[in-house]
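A short worksheet on the structure shown next.
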Amino acid sequence: MPTPLHEATTLTAGGHLAQIALADQIYTLRITRAGKLILTK
């Protein structure tokens with residue numbers, strides 16, 4: 001089965017932030033000005 005591919009700008013709805021839930025934890029996905037991704041708890 002292929003690895004799923006998700007476009008970061010789709011996850012952030014065209015913005016720079018998205019929240020991702022895993023189990024009971026919420027993570028924040030941020031797209032930086034340099035176009036890099038940061039995932040924090």
Every residue in region 26-41 that is out of contact with any helix residue (DSSP H, G or I) (no Cβ under 8 Å at 6 or more places or on another chain) and open to solvent by 70 Å² or more (accessible area, probe 1.4 Å), please.
26, 30, 33, 34, 36, 38, 39, 41
Filtered residue count, region 1-25, keeping only those that are touching a residue at least 12 places away in the same chain (Cβ under 8 Å), exposed (fewer than 10 other Cβ atoms within 10 Å of the Cβ) and of a type in the set (Val, Ile, Thr):
0
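Please enumerate the residues belonging to region 1-30 that are in a strand (DSSP E or B) and in contact with a strand residue (DSSP E or B) (Cβ under 6 Å, 6 or more places away or on another chain). Explain how you work it out, then say what you get.
Filtering region 1-30 down to residues in a strand (DSSP E or B) leaves 17-22, 25-30.
Those that are in a strand (DSSP E or B) and in contact with a strand residue (DSSP E or B) (Cβ under 6 Å, 6 or more places away or on another chain): 17, 18, 19, 20, 26, 27, 28, 29, 30.
The values are calculated or read from the model by the stated rules, or taken from the named source; none is laboratory data. The model shown is predicted, which means the values in this text are computed figures rather than measured ones. Positions of Cβ are backbone-derived with ideal geometry, glycine not excepted, and every protein chain shown enters the neighbour counts. For the accessible areas, the whole protein counts, side chains as well, though only heavy atoms, and no ligand, DNA or RNA atoms are used. Shrake-Rupley method; radii C 1.70, N 1.55, O 1.52, S 1.80 Å.
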